[in-house]
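Student: What follows is a single structure, and I will ask about it in a moment.
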Amino acid sequence: QQQVKQSPQSLIVQKGGIPIINCAYENTAFDYFPWYQQFPGKGPALLIAIRPDVSEKKEGRFTISFNKSAKQFSLHIMDSQPGDSATYFCAASRGATNKLIFGTGTLLAVQP
Amino acid sequence: DTAVSQTPKYLVTQMGNDKSIKCEQNLGHDTMYWYKQDSKKFLKIMFSYNNKELIINETVPNRFSPKSPDKAHLNLHINSLELGDSAVYFCASSQGTVNEKLFFGSGTQLSVL
């Protein structure tokens with residue numbers, strides 16, 4: 001049972017485009033929603049995170065949009081660059097635990 | 001200086017063998033984790049320790065045994081390796097246990113032949 005569903009599985013955009021990756025969750029007890037970025041041969045690294053009391057968070061070119069009623073959140077990458085080509089994972093956790101439940105990942109390719 | 005380091009980076013072994021993966025963090029964090037990433041890149045938590053105490057133990061075969069000699073180290077020992085154990089194993093650490101940023105190591109690619 002996949003508690004955090006992520007789409008699309010892969011995404012190709014041109015440089016300067018705005019890729020959007022979507023995630024949906026089931027457990028309403030989740031209260032922390034991070035996005036991790038993973039390059040080949042490396043471990044995931046935290047990109048940006050949001051809590052359900054806000055609907056949007058922006059850090060640099062990365063924006064999370066959060067819809068609590070729909071139990072969905074998404075990552076937008078503004079002015080995407082070839083260096084953004086990586087696998088992106090959404091995740092969720094709840095309460096007094098750091099047990100992150102990861103989505104299935106999105107392989108992003110930004111073409112020059 | 002690598003924040004979370006794990007060794008070895010690659011591990012190739014035969015079915016039935018016992019192997020260990022070591023992890024060390026120099027961030028002064030209290031909590032450490034083991035995650036498994038399968039061939040489809042799915043990441044799943046296996047264990048978590050906070051100040052050497054086991055706090056998360058997912059449904060993992062008891063052939064997998066974590067050991068935390070101190071809060072800077074978390075090792076993973078695997079007995080009687082099976083083909084299905086082939087994956088990338090990531091060690092990670094965080095300052096605390098509540099919605100904290102995870103710092104991941106570079107992974108250990110385990111191949112069981």
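Student: Any residue in the range B:63-75 that is modelled with pLDDT of 90 or more, open to solvent by less than 40 Å² (accessible area, probe 1.4 Å), in a strand (DSSP E or B) and within 13 Å of chain A (Cβ to nearest Cβ)?
Tutor: Checking the range B:63-75: not a single residue is modelled with pLDDT of 90 or more, open to solvent by less than 40 Å² (accessible area, probe 1.4 Å), in a strand (DSSP E or B) and within 13 Å of chain A (Cβ to nearest Cβ).
Student: Specify which of the listed residues (A:A96, A:A86, A:A49) is surrounded by 16 or more Cβ atoms within 10 Å (Cβ to Cβ), within 14 Å of chain B (Cβ to nearest Cβ) and under 20 Å from B:G96 (Cα atoms). Step through it out loud before you land on a result.
Tutor: Working: A:A96 fails: surrounded by 16 or more Cβ atoms within 10 Å (Cβ to Cβ); A:A86 fails: under 20 Å from B:G96 (Cα atoms).
When all the criteria are applied, what remains is A:A49.
Student: Would you point out the residue of the range A:99-112, among those that are within 7 Å of another protein chain (Cβ to nearest Cβ) and open to solvent by 60 Å² or more (accessible area, probe 1.4 Å), that is farthest from B:I56 (Cα to Cα)? Even if it seems obvious, please write down each step before you answer.
Tutor: Of all residues in the range A:99-112, those within 7 Å of another protein chain (Cβ to nearest Cβ) come to A:99-100, A:102, A:104-105.
Now narrow it down to the ones that are open to solvent by 60 Å² or more (accessible area, probe 1.4 Å): A:99, A:104.
Details: A:K99: 8, A:T104: 21 Å.
Across the range A:99-112, the extreme among qualifying residues is A:T104.
Student: Still on this model: Which condition does A:S69 not pass, out of (1) within 14 Å of chain B (Cβ to nearest Cβ); (2) polar (S, T, N, Q); (3) loosely packed, with under 13 Cβ neighbours inside 10 Å, if it passes all the others?
Tutor: So A:S69 meets the others, but not (1).
Student: Checking the structure you have, find out if any residue of the range B:99-106 is open to solvent by less than 10 Å² (accessible area, probe 1.4 Å) and away from chain A (no Cβ under 13 Å). Can you show your working first?
Tutor: The first filter runs over the range B:99-106 and keeps only residues open to solvent by less than 10 Å² (accessible area, probe 1.4 Å), leaving B:102, B:105.
From what's left, away from chain A (no Cβ under 13 Å): none.
Scanning the range B:99-106 turns up no residue that is open to solvent by less than 10 Å² (accessible area, probe 1.4 Å) and away from chain A (no Cβ under 13 Å).
Student: Filter the range A:85-105 down to residues that are touching a residue at least 60 places away in the same chain (Cβ under 8 Å) and either among the aliphatic types (A, V, I, L, M) or outside any strand (DSSP E or B) (or both), then give me how many there are.
Tutor: So the answer is 8.
The values are calculated or read from the model by the stated rules, or taken from the named source; none is laboratory data. Quantities reported herein were computed from a predicted structural model and do not represent experimental measurements. When we count neighbours, we look across all protein chains shown, and the Cβ atoms used for this are built from the backbone with ideal geometry, even at glycine. What goes into the accessible areas is simple: the full protein's heavy atoms, side chains included, and nothing from ligands, DNA or RNA. Shrake-Rupley method; radii C 1.70, N 1.55, O 1.52, S 1.80 Å.
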